[in-house]
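> Would you mind keeping the following structure in view while I ask a few things?
Bear in mind these aren't lab numbers, they're just calculated from the coordinates by the rules spelled out. Worth saying up front: this structure is predicted, and the values here are computed from it rather than measured. A quick note on method: Cβ atoms are made from the backbone with ideal geometry, for glycine too, and the neighbour counts reach across all protein chains shown.
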């Protein structure tokens, strides 16, 4: 709930109220999809590549939305053309709070971003921004789990991590929020800077740097520079959390920041892990911490160290049992009929995350290990080489069966030296193949870029 007036909301967004009561209580959140509109929602008519969201504002108001933030021409149409007009000429909703509030702004996206920054400042909460080539969502989830027993914490929901999603996430935060944990995604230069300007983080976490988005950025060095926009734009005295073993970030460090490193040789490091119980001993700035973790994957252990460093930066020293609610399609285990275990990790993939997932598959106890792999997208001219290297690693690690899904994944087949390989055209064909080849005790990894649609491999089972 944004506990400020409609007039405050409009001014913060750089707009003006053209219908409704400026003294009305504020909305509960902002949305950009009119199909999600509920009483209390502020619909923002963002212009996209295919459609201008402002054309859907009337549908949002008709569904009972608190109001709409749209361009002036859409605001005028709402005010003058609504079939549901109140006594003062303003659209009314089927809720007791009175007329819907119509706010006109020259650029609704900019207005949304300005409103989010204003609300972030009103909250007075500590803000942590999390980015990285892989693992940023899991790190965000782990950090939120570490903080919640100690602070009222709000974290990015699902994939609200872009120039549109991040403001929406901020505006979902309740007035009593003490810590905001915000995921920051990018595909090109300048995008992390844009998100940093909105969120104004007190702590910036870069989980890692790897060969992703090479189609746009060209080199890993440029990927590092794009991620390091987070370091560059932190306020003086803020904290940067970076991997101890990432030389590509060294040139981007700043003397006026508190810098905490994590991982082997870092300020926050894993001393031991009991594989049977999940008990982890962690050294953090000279302190010894014990965490009971529900996962064992090496990449998530490293993500945990980054999360511990960020938690300490906002004054929380985590200890004890960690209860993490990981975002969907990120390493979820699904038990299928017949005793087959599937690791559903198909939200995204790049060479770094693919290697980590295959290593975890190879180390897990199983009768046979089956990798169902889709294309790793946006790798540029070197895509074939990256796919071949992943397949070579799978063979060397002892993966028994490799299933390549789609034309972009065929390079896996040529480089895989394991005993059994299959190429299929679609996720549905991969699912049918699994039903034939997977048996009791087998463990299956399903992983590929989001564009590969590998969630369809499991049908309704995921």
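> Place a point 7 Å from Cα of residue 388 in the direction of its Cβ. Which residues in the range 316-359 have their backbone N less than 17 Å from it?
351
> Okay, next question. With a point put 7 Å past each Cα toward its Cβ, work out how far residue 283 is from residue 200 in nm, to one decimal.
Taking the simple label geometry, residue 283 and residue 200 are separated by 3.8 nm.
> Compute the label zone of residue 410 within the range 422-457: residues whose backbone N is under 12 Å from the point 7 Å along Cα-to-Cβ.
423-425
> Given the peptides 200-211, 374-385, arrange them by the average over their residues of other C-beta atoms within 10 Å, most packed first. Write down the numbers at each step before the final one.
Values: 200-211: 24.9, 374-385: 17.9.
Ranking the peptides 200-211, 374-385 by packing returns 200-211, 374-385.
> Taking Rg and Dmax of the Cα atoms in Å as the quantity of interest, determine which of [x] 24.0, 75; [y] 21.4, 67; [z] 21.5, 71 was computed from the displayed structure.
Entry [x].
> Treat each spin label as a single point 7 Å out from the Cα along the C-beta direction, and report the residue 435 to residue 255 distance in nm.
Roughly 6.6 nm, to one decimal.
> Can you tell me how much longer the chain between residue 1 and residue 35 gets when fully stretched, taken as 0.36 nm per residue apart minus their C-alpha distance, in nm with one decimal? Could you put the intermediate results ahead of the total?
Working: separation 34, 0.36 × 34 = 12.24 nm, distance 1.99 nm.
Fully extending the segment from residue 1 to residue 35 adds 10.2 nm.
> At 0.36 nm per residue, minus the direct Cα-Cα distance, what do residue 107 and residue 193 gain on full extension? Give it in nm, one decimal, please.
That works out to 29.0 nm of additional length.
> Let me ask something else about it. Hey, what angle do you get for helix 136-147 against the long axis of the chain, alpha-carbon based, 0 to 90 degrees rounded to 10?
70
> Shifting gears a bit: Can you give the angle from 0 to 90° between the axis of helix 72-81 and the longest principal axis of the chain, with both taken from C-alpha atoms, to the nearest 10?
That works out to roughly 60 degrees.
> Give the distance, in whole Å, between the Cα centre of the range 298-314 and the Cα centre of the range 127-194.
Using only Cα atoms, the two centres lie 14 Å from each other.
> Identify the residues of the range 308-352 with backbone N under 12 Å of a label point that sits 7 angstrom from the Cα of residue 292 along the Cα-to-Cβ direction, or state none.
Correct set: 320-323.
> How are the C-alpha pair distances of the range 307-462 spread across 5 Å bins, as whole percents from the shortest bin up?
2, 10, 19, 22, 19, 11, 7, 6, 4, 2, 0
> Could you state the angle between the C-alpha long axis of helix 108-123 and the longest principal axis of the C-alpha atoms of the chain, as a value from 0 to 90 degrees rounded to the nearest 10?
The angle comes out near 80 degrees.
> Something else about it: Suppose R0 equals 45 Å. What FRET efficiency, 1/(1 + (r/R0)^6) with r the Cβ-Cβ distance, do residue 174 and residue 271 give to the nearest 0.05?
My answer for the efficiency is 0.75.
> Over the range 153-236, what is the relative contact order in whole percent, taking alpha-carbon pairs under 8 Å and six or more residues apart?
Answer for the range 153-236 is 27 percent.
> Rounded if a/c is under 1.5, else prolate if a/b beats b/c, else oblate: with a ≥ b ≥ c from the C-alpha gyration tensor eigenvalues square-rooted, which is the range 391-462?
Oblate.
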